[in-house]
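What follows is a single structure, written as structure tokens, with notes after it.
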Amino acid sequence: MYHQITKLKQNCFVYVKQLQNIKRSIFASLFCLPTSLLALIFFLLLLYNGFAVFYVHLPFPSKPQPEPANFSKANLAGNSLKKLPSSVMYAVKEDTPSVILKTLLPLLQNPAISVTPINHSVVLKPKKAHGYKAVKRMLSSGDNSKQFSARIRDFLGNRGCKVRFFMTWISSLKPFGDRELFAIESLFKSHPYACLVIVSNSMDAESGSLVLKPFLDKGFKLIAIKPDFDYIFKDTHAEKWFKGLKKGNVSPGEVSLGQNMSNLLRLALLYKFGGIYLDTDVIVLKTLTKLRNAIGAQSIDLENGKWSRLNNAVLIFDKKHPLLFKFIEEFALTFDGNKWGHNGPYLVSRVVSRVNRTPGFNFTVLPPSAFYPVNWSRIKSLFKGPEGKAHSTWLRKKLEQIKSESFAVHLWNRQSRKIKAESGSIINHIMLDCCVFCNSSSSSL
């Protein structure tokens, strides 16, 4: 036994000596390599040693992967949506809203399933938006607007209004110029006994009163009132959305918040009071009183003759019309402040495409000629004067067509604001027909 142990020790000694010889050979080879390669090898060795020393494997069971969201009718009818993990709900809401929209289309045809209630407990609140200070500035200017309810009800109830018009101006007073004033002129030229409510912070001030004074002196009924958003949005889906905006839980996005607030305000005002909403760059050509529960198409598909997009620059609806309710609901549930038009023209187009032919939604989609006789890409043509015989003939025929088929003309301010109406242009003729202060109406329209 002793001899066996001695022999084993000798063998181990020989094995160790061989390992040392191999080690010396390796190091000798390494020193023959370039310095950079040698440094890389040493770095990798250090990395391996560090990983081997500090890596600790905890034998806890792995976290199960969340189940994918299932938006089948069966799940929507029950309470399975509330059981979704918040991370999944957030991903669905923010990254793939189109999935929700598409799967909700059939729900409008199934009265047993309702998507009206908003359960905010299952929605992960985003971080406060970088534009939150801008939001506070806009909303704080309405702190003195608590008289809105009394003032608007007194105005609409005691003035013998035959028709109610609404406009919004969510901006400073400075940009309110000749075009906006002429839009008001054209409204009263066609509706001298109408009442106009301009919902605006900047217009409901001494300087704003001076701008509107010429209309008041003429006996026209109009008023500018600071908005009380809480009152206007009460009992609609906009109420909770607006609370989230004030708390910083809703991102206003990169698109002008004023634009999106105007998109929502017009819907809520008509839902609460009923009437006609007009953008401030819409010129009224003839009376709108014969229209009821109507919205205008902006463009049509030339192949099938059906509308391809609607617009919200002109809206005519009764108080608490169900389509307005759906518009407001869509705004609150799918708001995206980073996509231009998503909460405006595209919103009304989405909703109408879903509720079309659904019982209980009685409304009319008017052709583009009603309010949008010229698309935004060609609006400049209405400001151009005659340039030769052929062009003069085209202008005359186009003007006759607009006078015959259109109730109003949307001037697409974004594209035409800096363009002046030339003498003999279509806009110049319209101004002569629709002006109230004809001697002072500016050709800079």
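The values are calculated or read from the model by the stated rules, or taken from the named source; none is laboratory data. Small disclaimer: the values here were computed from a predicted structure and weren't measured. Every residue, glycine among them, receives a Cβ derived from its backbone with ideal geometry; neighbour counts consider all protein chains shown. What goes into the accessible areas is simple: the full protein's heavy atoms, side chains included, and nothing from ligands, DNA or RNA. Shrake-Rupley method; radii C 1.70, N 1.55, O 1.52, S 1.80 Å.
For Lys326, which aspartates and glutamates qualify as cross-link partners when the Cα separation must be under 18 Å and same-chain residues fewer than eight apart are set aside?
The qualifying aspartates and glutamates are Asp235, Glu239, Asp318, Asp336.
How much accessible area per residue does segment 143-275 have, counting only protein heavy atoms and a probe of 1.4 Å, in square angstrom?
Numbers: 5330 Å² over 133 residues.
The answer is 40 Å² per residue.
Subtract the Cα-Cα distance of Glu400 and Lys320 from 0.36 nm times their separation in residues, and report this length gain in nm to one decimal.
Numbers: separation 80, 0.36 × 80 = 28.80 nm, distance 3.68 nm.
The span from Glu400 to Lys320 would gain 25.1 nm if fully extended.
Give, in nm to one decimal, the length gained when the segment between Leu216 and Leu302 is fully stretched (0.36 nm per residue of separation minus the Cα-Cα distance). Let's see the in-between values first.
On the way: separation 86, 0.36 × 86 = 30.96 nm, distance 4.54 nm.
Separation in residues times 0.36 nm, less the Cα-Cα distance, equals 26.4 nm.
Tell me the net charge near Leu270. Cut-off is 10 Å between Cβ atoms, Leu270 excluded, with +1 for each Lys or Arg and -1 for each Asp or Glu. All intermediate terms of the calculation are to be shown ahead of the outcome.
Details: positive: Arg164, Arg266, Lys272, Lys319, Lys320; negative: Asp318.
Here the charged neighbours net out to +4.
Using alpha-carbon positions, what is the distance between the centroids of segment 144-171 and segment 345-405, in Å?
Here the answer is 29 Å between Cα centres.
Treat each spin label as a single point 7 Å out from the Cα along the C-beta direction, and report the Lys240 to Arg357 distance in nm.
My value for the distance between the label points is 3.2 nm.
Tell me, rounded to the nearest percent, the portion of alpha carbon pairs in segment 269-311 spaced more than 15 Å apart. Kindly include the intermediate steps, with their values, before the conclusion.
Details: 539 of 903 pairs.
Result for the distance tail: 60 percent.
Using a Cα-Cα cut-off of under 14 Å, which aspartates and glutamates could be cross-linked to Lys221, ignoring same-chain neighbours fewer than 8 residues away?
Counting by Cα, and skipping residues close in sequence, Lys221 has these aspartates and glutamates nearby: Asp154, Glu185.
If you wrap a convex hull around the C-alpha atoms of segment 258-354 and split its volume per residue, what is the figure in Å³? Before the final figure, lay out the partial values.
Working: hull volume 11.4 nm³, N = 97.
Hull volume over Cα atoms, normalised by residue count, gives 117 Å³.
Debye calculation, C-alpha points only, no solvent: report log10 I(q)/I(0) for segment 173-280 at q = 0.15 Å⁻¹, in the same order as the q values.
-0.73
Quick one: divide the alpha-carbon radius of gyration of segment 312-445 by 2.2 N^0.38 Å and tell me what you get. Write down the numbers at each step before the final one.
Values: Rg = 18.3 Å, N = 134, 2.2 N^0.38 = 14.1 Å.
So segment 312-445 has a normalised radius of gyration of 1.29.
How far is it, in nm, from the label point at Lys162 to the one at Lys174 when both lie 7 Å from their Cα along the line to the Cβ?
Rounded to a tenth, the inter-label distance reads 4.0 nm.
What is the distance, in nm, between label points placed 7 Å from the Cα along the Cα-to-Cβ direction at Thr364 and at Tyr193?
2.1 nm
For segment 338-413, which trypsin sites (Lys or Arg not before Pro) pass both filters: DSSP loop (anything but H, G, I, E, B) and at most 14 other C-beta atoms within 10 Å?
Details: sites: Lys339, Arg350, Arg354, Arg357, Arg378, Lys380, Lys384, Lys389, Arg396, Lys397, Lys398, Lys403; in loops: Lys339, Arg357, Lys384.
Answer by residue number: Lys339, Arg357.
Kirkwood Rh and Cα-based Rg: tell me the resulting Rg over Rh for segment 327-397, rounded to two decimals. Numbers along the way, then the final one.
Working: Rg = 18.3 Å, Rh = 15.5 Å.
Using Cα coordinates only, the ratio equals 1.18.
With the full set of protein chains in place, find how many percent of the accessible area of segment 268-325 is carbon and sulfur; take the probe as 1.4 Å.
Answer for segment 268-325: carbon and sulfur cover 48 percent of the accessible area.
Please report, as a whole percent, how much of the solvent-accessible surface of segment 140-215 comes from carbon and sulfur atoms (probe radius 1.4 Å).
On the way: 1690 of 3400 Å².
Within segment 140-215, the accessible surface is 50 percent carbon and sulfur.
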